[in-house]
Amino acid sequence: MDRSTRGTFQLTGMSIIRNRKCIPSLAILHLSNGQDASNAMEIKIVREAITKAELNEMAKQQFGDMVKAVVDVEQRIMAIGGELHSDEEAMLLDQGSVQKHLWGINLYPEQPVAEWIEFDSMINVRPSGGNRSRYVESAEIRETITVIVNRLVKE
């Protein structure tokens, strides 16, 4: 494909691909919520502990009381700050994560410990991997996610 047919993927709102003439390996992702790109929340990869206060501030800037996150159960890291779980998933995949190890969750930092993790995301639907719903159906995987999140987010 020659350079004249190259375009960009624009992920806005519902992450719709606007230009299908793209060379995917050369695509540029524009993440925004309809505002100036400088106001868009930056997706962060969490490898070292952050505080619930930091998470709560992020929640207030985005959804009010919630932060979307994608956890890599193999590398024991998570991505936070995306408007969509799929945006965080894409960032982790770009950094070497394997899709079968990625699980989408929602974090509610002001909720009690037993209620602050919600195991719900469209990226979790993978029938070929045994997960037929948005919910993380495996108790073992939910426990692993909980351990990772509680290690990466401290009071």
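Conditions tested, residue by residue: (1) within 17 Å of I43 (Cα to Cα); (2) out of contact with any Phe, Trp or Tyr (no Cβ under 6 Å at 6 or more places or on another chain).
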{"position": "K60", "(1), (2)": "yes, yes"}
{"position": "V70", "(1), (2)": "yes, yes"}
{"position": "I105", "(1), (2)": "yes, no"}
{"position": "R132", "(1), (2)": "no, yes"}
{"position": "I141", "(1), (2)": "no, yes"}
Q) List the pairs whose first member sits in the range 49-73 and is surrounded by fewer than 14 Cβ atoms within 10 Å (Cβ to Cβ), whose second member is assigned to a loop (DSSP other than H, G, I, E, B) and at pLDDT below 95, and whose Cβ atoms are under 8 Å apart, counting only residues at least 6 apart or on separate chains? A) T51/E155; Q61/M41
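The values are calculated or read from the model by the stated rules, or taken from the named source; none is laboratory data. A quick note: this is a predicted structure, and the numbers were derived from the prediction, not measured. Positions of Cβ are generated from backbone atoms using ideal geometry, with glycine treated the same way; all protein chains shown enter the neighbour counts.
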